[in-house]
Amino acid sequence: MATTKSDSLVAKGFLFRSRWKQKPDSRTFAIEAISILLMLLFGLTAIDKARQFERFYAELGKSPFLMAYQGWVAWGTPIVEGIVVFLLIFGGTLQLWGLYASVFLMSLFTGYIYLLLNYSYYTPCLCSAALESLTWEQHLVFNLLFLALAMAATASKERQRQTHKNNKP
């Protein structure tokens, strides 16, 4: 039976990770799917913040919680988001670090939105273009959803790592 180029790419696991030797189990598939969602989220927001750096920097200066750290946050956020995307691309320990970093970043971003909603006189828009149409309450729910996904993937990846470690001879 002849195989097509797309069949051979799927067989090699190219669509997710070439490290797969066999068809992935549901846990691995879920970890990969969530990692891809996080890569899209952080990758697109990092690119958007870098492309519209002046706007992002100016909005940070209006934030009652971040104005003192405007420069650090303006430069650091897209860089850190890019590093997280890079970590999530790879498997094993690097992916696990990327998942932990995703939980940390989503916790920070979610906490920041909560603070803005409850304790701020001004709510600057620091979101990427895709999320600007959301209300702050919707954005909080969106962040909580992605935080829960990141936590679930991190826990699954950690269990997977422990199982693999325990099964080694």
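Using only Cα coordinates, the Kirkwood hydrodynamic radius of the stretch 42-114 works out to 12.9 Å. To the nearest 10, the accessible area of Leu37 is 80 Å² with a 1.4 Å probe. Surface composition of the stretch 65-169: carbon plus sulfur atoms contribute 71% of the solvent-accessible area (1.4 Å probe, protein chains only, all chains present).
In whole angstrom, the stretch 30-169 maps to an equivalent ellipsoid with semi-axes of 30, 16, 13, each derived as √(5λ) from the alpha carbon gyration tensor and ordered largest first.
Residue ranking by accessible heavy-atom surface, 1.4 Å probe, largest first, among Lys165, Lys157 comes out as Lys165, Lys157.
Accessible area per residue (1.4 Å probe, heavy atoms of protein chains only) ranks Ile79, Ile113 as Ile79, Ile113, with the largest value leading.
Taking every C-alpha pair closer than 8 Å and separated by at least 6 residues, the mean separation divided by the residue count of the stretch 25-94 gives a relative contact order of 40 percent. The largest accessible area among Leu134, Leu99, Leu144 belongs to the first residue in Leu144, Leu134, Leu99, and the rest follow in falling order (1.4 Å probe, all chains).
Taking all protein chains together and rolling a 1.4 Å probe, Phe53 ends up with roughly 40 Å² accessible.
In the complete set of protein chains, residue-level accessible area for Tyr119 is approximately 150 Å², probe 1.4 angstrom. For the stretch 49-169, the dipole from Cβ point charges (+1 on Lys and Arg, -1 on Asp and Glu) about the Cα centre works out to 520 debye, to the nearest 20.
The values are calculated or read from the model by the stated rules, or taken from the named source; none is laboratory data. What you see is a predicted model, and the numbers here were worked out from it, not measured in a lab. Every residue, glycine as well, gets a Cβ built from its backbone with ideal geometry; the counts of neighbours run over all protein chains shown. Ligands, DNA and RNA are stripped out before the accessible areas are found, and what is left, the full protein with its side chains, is counted by its heavy atoms. Shrake-Rupley method; radii C 1.70, N 1.55, O 1.52, S 1.80 Å.
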